1. Output the number of the condition that Lys374 fails; it satisfies all remaining conditions of (1) surrounded by fewer than 13 Cβ atoms within 10 Å (Cβ to Cβ); (2) farther than 20 Å from Gly264 by Cα.
2. Hey, can you tell me all the residues within segment 274-315 that are away from the ligand (no atom under 12 Å from the Cβ) and in contact with a His (Cβ under 9 Å, 6 or more places away or on another chain)?
3. Would you be able to tell me the number of residues in segment 87-131 that are in a loop (DSSP other than H, G, I, E, B), among the acidic types (Asp, Glu) and free of Cβ contacts under 8 Å to residues at least 40 places away in the same chain?
4. Of all the helices (runs of 4 or more DSSP H) wholly in segment 10-75, which have at least 3 residues that are closer than 29 Å to Pro280 by Cα?
5. Could you check segment 132-144 and list, in sequence order, the residues that are within 16 Å of the ligand (Cβ to nearest atom), assigned to a loop (DSSP other than H, G, I, E, B) and at pLDDT 95 or above?
6. Can you tell me which residues in segment 145-194 are open to solvent by 20 Å² or more (accessible area, probe 1.4 Å), under 15 Å from the mean Cα position of the chain (by Cα) and under 19 Å from Lys46 (Cα atoms)?
7. Which ones in segment 123-144 are open to solvent by 20 Å² or more (accessible area, probe 1.4 Å) and in contact with a Phe, Trp or Tyr (Cβ under 6 Å, 6 or more places away or on another chain)?
Amino acid sequence: MSVYNTTVFNAKTKLISGAGSMKELSGEIKKIKASTILVITDKGIKNAGILNQVLAEVQPSCKTIIFDEVKPNPCVEMTDKAFHSFKDNGIHLILAVGGGSVLDTAKGLSILLANGGSIADYFGFDLYKNNTLPIFAVPTTVGTGSESGNAAVFTDNKDDLKTKRLVFGEDLFPEVAFLDAALLKNMPSHLISSTGMDALTHAIEGYVSNWSSHVTDALNLHAVRVIGNSIRQATANSENVEAMHAMLLASTSTGLGMANSGLGMVHGISHAIGAQYDAPHGIVNAILLPYILEYNWIANPVKFSHIAEALRVNIDGLSVEDAAKAAIEHVKHLTKEVGIPEKLRAIGVDDSKIDLLTDIAFNDQQYMVPNPRKMTRQDIYNILKQAI
Ligand SMILES: [Fe+2]
């Protein structure tokens, strides 16, 4: 980026990290003098006992109202319905305990509880008037990055065309994020690998994005390094607290990075598939990642060679171009090692909607513009054809 480009790095969230750091929750609640708290989570988190561990740190004098019905790929209808259920409760704080779907739902409710209407009214940038309600985020996966970002994603079913839409807000960052790997000791291996590969996708797409900057490069490239070092051990054993802690911090770092660098067409195509098939975001990204990297690398071979170095690929004696290609081969192996399938067909995506998926992804400017290599509609179609 030219020195004559003005860049802004936007951040707000206080990050409290360390195994056992949830014990800081009650002190943080006291600081903002919240007495009525809306707790957002899902049934999986509740059944795993994580919700109770978090609630044990909320002082008894606080009133808590629990919404545990968040579904994966949260939609407009669910978010609006939750708002109408809780709007008259005098809520001061939203405590979100879960993965990306939970954290994004919390952001939607923080807008609606302060502004009313439907979350669909706020698709876009900074379209609400009143300050949002504060959010405390407790991420329970190692991939969303939503705990340190200012965006939320919702599935919109308008006109029977399912698409994913984004809501951005200057102040939509959570106030505090608690990064406590001790909560994640029983996380299933497949969730660690899929959400961890989502974080790796954020880090790589953010690093090579057209909107990247000095600060986002530092956050995203370091996250590539940490995830490359830790994802295998974390996937193998969720009780490896050091590996899980490293993954959690890397996911949060790249969450902050991507909030400012944007992402690319892995996410552009993945959101189209996620909305149409209700497919798991991390797995779709992980499958698409090598195909998009193969398409993108010639736009910035030097940065791709940095990715190879960060992933500890031996690039001694290689040209920059060969080092860039070695990074892609390494990502392919890593994906396989952590148990992600190579083709979308394995998760039920076939050719039947390929034209629709292509059109949706092609029209998604949020990801097309920062993607380092320009893509035509035909390019997207070809990538989908290969990946299916
Ligand atoms: Fe993602």
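The values are calculated or read from the model by the stated rules, or taken from the named source; none is laboratory data. Because the structure is predicted, anything quoted here is derived from the model rather than measured. Neighbour counts are summed over all protein chains in view; Cβ atoms, including those assigned to glycine, are modelled from backbone coordinates with ideal geometry. The area values use the complete protein model at the heavy-atom level, side chains included, leaving out ligands, DNA and RNA. Shrake-Rupley method; radii C 1.70, N 1.55, O 1.52, S 1.80 Å.
1. Lys374 satisfies every listed condition except (2).
2. Filtering segment 274-315 for residues away from the ligand (no atom under 12 Å from the Cβ) gives 275-279, 287, 290-315.
Ile307, Ala308, Ala310, Leu311, Arg312, Val313 - these are the residues of segment 274-315 that are away from the ligand (no atom under 12 Å from the Cβ) and in contact with a His (Cβ under 9 Å, 6 or more places away or on another chain).
3. Summing the residues that are in a loop (DSSP other than H, G, I, E, B), among the acidic types (Asp, Glu) and free of Cβ contacts under 8 Å to residues at least 40 places away in the same chain in segment 87-131 gives 1.
4. Output list reads 43-47, 50-55.
5. Residues satisfying the conditions are Thr140, Thr141, Val142.
6. Correct list: Leu191 only.
7. Phe125, Tyr128
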